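Take a look at the structure below.
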Amino acid sequence: MTEGARVAGSTEISKAIPKHYPFFIDLLIRLVRQKPLGTVGGVIVLVLFLVGIFAPLLAPFGFNEIYVGGPLEQPSLNHLMGTDNIGRDLFSRIVYGARISMYVGLGASTIGAFLATAIGTISGYIGGKTDIVIQRLVDAWMCFPALFILLTVMAIVGPGLVQVTVVLGILYGIGSSRIVRSTVISIKNNTYIEAARAIGCPVSKTLLRHVLPNIMAPIIILFTINMGAAILAEASISFLGFGIPPPTPSWGGMLSETRFMLQAWWLAIWPGIALSIVVYGINMLGDALRDLLDPRLRGGLGRYGGVSKKLIKENKRQIARATIKN
Amino acid sequence: MKKHPVWLVLSVIIILIMALVSCKQTTTTTEGTGTTVKGQIIQRVTETPPVIPPSVETPKYGGTFVYARETDIQGFDEAFTQHFLADTLHSTNEELLSHDWTRGPAGTAEFDYQLPGINRLDIKAGTLAESWEIPERGRMIFHIRQGVSFQNKPPVNGRELVADDVVYSLNRLMTEPRSYIKAGYPAMCAATTVTATGKYKVEIKTSEAEFGNMTSLLPDFANIIPHEVIETYGDMRDWKNACGTGPFILSDFVAGSAVTLTRNSNYWRTDPVGPGKGNKLPYLDSCKMLIIPDMSARYAALRTAKVDWCGVTWDEAANLRKNYPTLKWAKFIHDTVYVIYMRTDKADSPLSNLKVRQALTMGVDYTTLKDVFYGGDAQIMCWPVVQSKEYAGAYVPLEQYPQEVQDLYKYQPEKARALLAEAGYPSLKLTIVCYNTPTQVDVLSQVKAFWEKIGVDLTIDAKDYAVWTAAMTRRSYDQMLYSYTSGIGTFWKMINYNGTSQFNGSYVNDPKVLEAYTEMQKYAGIDEKKMDEIHRNILPYVLSQCWVITRTTPYTYYFWQPWVKNYYGQTANGYYDYYTAHNYAWIDLELRKQMIGK
C-alpha cells in the first residue's frame with residue numbers, strides 16, 4: 001500500500017470514529033447538537049452572567065439615580081422600560097437586578113453544591129451509624145417548609161445579599177445532599193472503589209480521586225436546578241421584604257412594589273419577564289444537562305451515538321495494524 | 001417537545017407587541033404648576049380643597065354612616081388600651097371637655113379640627129362638664145352637667161351621671177398600672193387628687209409642676225365610665241360591657257370584620273349650631289365601621305359606595321378626584337410627621353457636629369421632593385409643628401424665618417460639600433434604621449441619592465416592624481433613625497426636641513431650649529397664646545440647629561360620599577377622639593337613593 005493509500009485509508013477509518021474531546025467541550029457540542037432548548041437556556045444563563053458582570057457598562061444610569069426621567073414614565077426611546085415612581089430608569093434597575101440574581105444564584109448554588117457534596121459523600125460513603133444520624137438530621141431539616149426557614153432566619157440575621165446567599169445555599173445544600181448520597185451509594189460498591197480500598201488508599205483520597213469525579217454529573221445538574229430555585233427564592237423573600245436591602249434592586253423586590261402597578265404596568269411586567277426568562281433558561285439548561293449526563297438516558301449505544309467504546313478500540317487496532325503493514 | 005418552542009415564540013411575540021404598543025413619545029402632562037424634571041411629571045392636587053360651607057339644609061334623622069378603617073379595634077377599656085386605640089369609646093363614652101363644635105366648620109369656622117392631636121383649653125367646650133374654672137395654678141374645678149344619663153343597659157340601667165362617676169373614672173385611670181395615663185405620667189398621677197366636692201362638682205388638685213400634664217390629660221383624654229360595670233365585670237375589656245353617656249351604644253363587634261353602633265335614644269346633647277340647632281342628637285340610626293386592612297379594597301369600597309368615608313393617601317387622591325368628582329374631600333398635613341433623627345449626643349459622632357447636620361440638611365432637595373415626588377401635594381416645613389388653624393400662633397412658615405435659616409432648606413449641594421469638608425468629613429458613611437415599607441424606603445432612597453452628591457454614603461437598614469418600633473421607643477440606634485414625631489397637642493412640652501421621650505429621637509439637650517421650656521411651663525394650662533408666642537420665638541434657633549432632617553410631608557386626605565351632611569373633614573371631636581365624625585352628621589337618604597338607588 002502506498003503512503004497515500006495508507007493515509008487515505010486511515011482517514012476513512014478515522015472518520016467513522018468520533019473525535020474525543022475533553023469532557024466539557026464534548027458536553028457543549030452535544031448540548032448544541034442534541035438539545036436546542038437547553039442551548040437556548042445556556043445562552044440565557046450566559047447572558048445573565050454577562051449582564052451581571054458588565055452591569056455598570058450596560059446600564060445607562062445608576063440603579064438609584066433618581067429623576068433621570070419623570071416619575072412613572074412610560075417606556076420610550078429615552079427609557080426603554082420606563083421609570084418608576086421616583087424617576088429611576090427601570091432598564092438600569094433590571095440590569096443591576098441581574099447582578100443580584102447572578103450573585104445569589106451562583107453563590108447559593110455553589111454553597112449548596114459544596115454542602116450537598118460534603119454531606120452526601122460522607123454520609124453515603126461511610127454509611128452505618130454515621131449515615132443514619134446524618135440522614136435523620138436531614139429528615140428533620142426537610143420537614144420544615146423552606147419559606148418558613150428562610151423568613152425566620154432572615155428575620156434573625158437581617159436582610160443582606162450575603163445573608164440571603166448563605167441561607168439559600170445552606171437550605172438547598174442540605175436538601176440536595178440526599179441525591180448525592182444515593183449516587184455515592186450506587187458507586188461505592190463498584191470494583192474500582194474496592195480495588196482502591198484493597199490497595200490501602202485512604203478514604204479521603206478515594207473520595208477525591210474515585211468517588212467525586214463519578215458523581216460530578218448529578219452535582220452539575222443540582223447546581224443548575226438550585227440556581228433557578230435560588231433566584232426564585234430570593235425574589236420571594238425580597239417580595240416579602242426580607243431580602244436584599246433597599247435601594248439595591250432585586251427583581252423580586254421590584255415586583256413587591258404594587259402601589260403603582262395599576263397605572264404603570266411596566267413596573268411589574270419587566271421584572272416579571274426577566275425573572276421568568278432567567279428561571280426558564282436555567283431550568284431548560286438543567287433539564288438538558290440531566291438528559292446528557294444521566295447514564296440511564298444514554299440508551300443502549302452509549303453516549304457516542306451508535307459507536308461503542310469496543311468498536312473504537314477495534315478500529316484503533318485496525319489503524320495500527322494498517323500502519324505497521326505499510 | 002415541539003410545543004415548547006411554539007409557546008416560547010408566541011410569548012415573545014406577545015411581549016414584543018406589548019412593548020411596541022407602549023413605546024411612544026413622552027408627553028408632558030401638567031395639571032398645575034411644578035418643576036419639570038427631565039420628562040413628564042404627574043401633577044397632583046395642589047390647590048386648597050373647596051371650602052365646605054356650614055350646612056344650610058335641615059338635618060334629617062335616619063340612616064347608617066359607614067366607615068372604612070384599616071385596623072381592628074384594639075380594645076374597649078382605656079385602663080388597658082391606649083385612648084387613641086380604643087376607638088369605640090369615643091362614641092359610647094364621653095370626657096369632661098371636647099372641641100367646641102360651634103367654632104368649627106359647622107359654626108364660625110375658626111377651626112377645622114382636622115388634626116387629631118389638637119388639645120387647647122381655649123378652644124374646648126364643656127361636654128360632661130358644663131363649665132370649669134382654674135382658680136389658681138394647680139387647681140381645676142369642673143361643674144358636672146346635670147341630667148346626663150348613662151345608656152340604659154344593665155347593670156347601670158340609665159342612671160344619672162354624677163360627680164362621683166368622674167372621680168371614680170379619673171382615679172381608676174391614674175391608678176390602674178396598665179393605664180396609659182398611669183404608665184406614661186406617674187409623677188402627675190402621684191401628685192394629683194380628684195375629689196367630688198358636691199353632687200355635680202369635681203375638684204382636681206395637682207402640683208404646679210404637673211399642672212400642664214393634668215390639664216392636657218384629664219379633661220379631654222379620659223372617658224367617664226360607670227363604676228357598676230367595673231364592679232360587676234371587673235373591667236370593660238369585653239365589648240358587651242361597654243357603657244357610657246355617649247351618643248351611640250356598641251351593639252355588635254366582630255373582630256377583624258365590623259363594628260356596629262346604634263343610636264342612644266337617651267342621649268343628652270342637642271345640636272348646638274346650624275339649621276338643626278336644638279335637635280336631639282345623634283341624627284343617625286347607626287354607625288358601622290368596616291375593618292378592611294387592604295388599601296385597594298378600602299378604595300374600591302369607597303368608589304362603589306359600600307362605605308361613606310375613607311382616609312386616602314396622597315397618591316390615590318388625585319385619581320379619586322379626577323374619576324369620582326361627586327365625592328367630597330378634605331386634606332391636611334397630619335400632625336405626626338416622619339423625620340430623620342440623628343445621634344447628636346455622641347461626642348465622637350459626626351452628627352454631633354452642627355456643620356455636618358447643616359450640610360446634610362442643605363444636601364436634601366426638598367423642593368424636588370415636594371414638586372416632583374409628591375406632585376406639589378406636600379409641605380416642606382412640618383417640624384417641630386405642622387401648620388394648622390388651631391395652632392397658627394405656634395407655627396412659622398418657612399418664608400418667615402430669618403434668611404440664614406431659610407438657606408438651610410434650600411438645596412445647595414456645593415455648599416453642603418464645602419461645609420462637610422470644613423467640618424473634617426469630606427466623605428461620610430452613615431446608616432439609617434427604618435421600617436421596611438415602600439413609602440419609607442422610597443423617601444430614604446431619594447435622600448440617599450441626594451447625599452451621594454455631597455459625598456455621603458447612606459446605608460438604608462430596613463427592619464421589620466417589631467425591631468424598628470423597639471429602636472424607636474428606646475431610641476436605641478447607632479447613627480440615624482427614620483421615625484415619627486409627637487402630635488401637636490404636646491408642643492408645649494417641646495417634646496420633639498427636649499426630654500427623654502422617644503420623640504426627642506435626636507437626644508437634644510440644649511440650654512436655650514431648656515430655658516424656653518421652663519418659661520413655657522409657667523403658662524401651661526393657663527395661657528395658650530403665651531405658649532404659642534414662646535414656641536414661635538424659639539423656632540428659628542431650633543431650626544438652625546438642624547437636629548432632625550425634616551421630610552417633605554404629603555397631605556392626608558379624607559373622602560366621603562355626597563349624601564353625608566354636616567361633616568366637614570374633621571378627624572376628631574376631641575383630643576385623639578378618632579372616628580367621631582358621625583356624632584353630628586346626618587345622611588341625606590333621598591340623595592343617596594337618587595345617586596345609587598338605595
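The values are calculated or read from the model by the stated rules, or taken from the named source; none is laboratory data. Since the model is a prediction, treat every value here as computed from it, not as a measurement. Virtual Cβ from ideal backbone geometry, glycine too; neighbours counted across all protein chains shown.
Here is the figure for the stretch B:79-125: residues that are acidic (Asp, Glu) and closer than 18 Å to residue B:255 by Cα total 1. The single condition among (1) away from chain B (no Cβ under 14 Å); (2) at pLDDT 80 or above that residue A:284 does not meet is (1). Being assigned to a helix (DSSP H, G or I) and small (Gly, Ala, Ser) is true of residue B:466. The set of residues from the stretch B:280-314 being hydrophobic (A, V, I, L, M, F, W, C) and assigned to a strand (DSSP E or B) comprises B:287, B:289, B:290, B:291, B:309, B:310, B:312.
Among the residues in the stretch A:240-258, are any within 11 Å of chain B (Cβ to nearest Cβ) and among the charged types (D, E, K, R)? So far as the stretch A:240-258 goes, yes, one or more of its residues are within 11 Å of chain B (Cβ to nearest Cβ) and among the charged types (D, E, K, R). Here is a list: B:257, B:265. Which entry is among the small types (Gly, Ala, Ser), within 27 Å of residue B:169 (Cα to Cα) and free of Cβ contacts under 8 Å to residues at least 40 places away in the same chain? None of the others qualify; the one that does is B:265. The residue that is nearest to the other protein chains (Cβ to nearest Cβ), counting only those in the stretch A:61-110 that are out of contact with any Asp or Glu (no Cβ under 7 Å at 6 or more places or on another chain) and of a type in the set (Val, Ile, Thr), is A:66. Out of B:244, B:212, one residue alone is in contact with a Phe, Trp or Tyr (Cβ under 9 Å, 6 or more places away or on another chain), part of a loop (DSSP other than H, G, I, E, B) and within 26 Å of residue B:119 (Cα to Cα). It is B:244.
When residue B:457 is tested against (1) more than 29 Å from the chain's Cα centre (by Cα); (2) closer than 30 Å to residue B:527 by Cβ, just one condition goes unmet, and that condition is (2).
Scanning the stretch B:429-456 for residues that are within 11 Å of chain A (Cβ to nearest Cβ), surrounded by fewer than 17 Cβ atoms within 10 Å (Cβ to Cβ) and not in a helix (DSSP H, G or I) yields B:431, B:437, B:453. In the stretch B:584-598, the residues that are within 21 Å of residue B:282 (Cα to Cα) form Cβ pairs under 7 Å with partners that are in a helix (DSSP H, G or I), at six or more places apart or across chains, as follows: B:584/B:101. Test each condition in (1) among the polar types (S, T, N, Q); (2) assigned to a loop (DSSP other than H, G, I, E, B); (3) surrounded by fewer than 19 Cβ atoms within 10 Å (Cβ to Cβ) for residue B:131 and report the one that comes out false. Failed condition: (2). The residues of the stretch B:324-381 that are among the acidic types (Asp, Glu) and either over 30 Å from residue B:311 (Cβ atoms) or surrounded by fewer than 21 Cβ atoms within 10 Å (Cβ to Cβ) (or both), listed by number, are B:345, B:348. Considered as a group, the residues in the stretch A:235-279 that are within 25 Å of the chain's Cα centre (by Cα) and free of Cβ contacts under 8 Å to residues at least 12 places away in the same chain include one that is nearest to residue B:438 (Cα to Cα), and that residue is A:273. Being free of Cβ contacts under 8 Å to residues at least 24 places away in the same chain, closer than 22 Å to residue A:99 by Cβ and more than 10 Å from chain B (Cβ to nearest Cβ) is the requirement here; does residue A:58 meet it? Here the answer is no, as residue A:58 does not meet what is asked. Of all residues in the stretch A:230-265, those that are surrounded by 23 or more Cβ atoms within 10 Å (Cβ to Cβ) and assigned to a helix (DSSP H, G or I) total 11.
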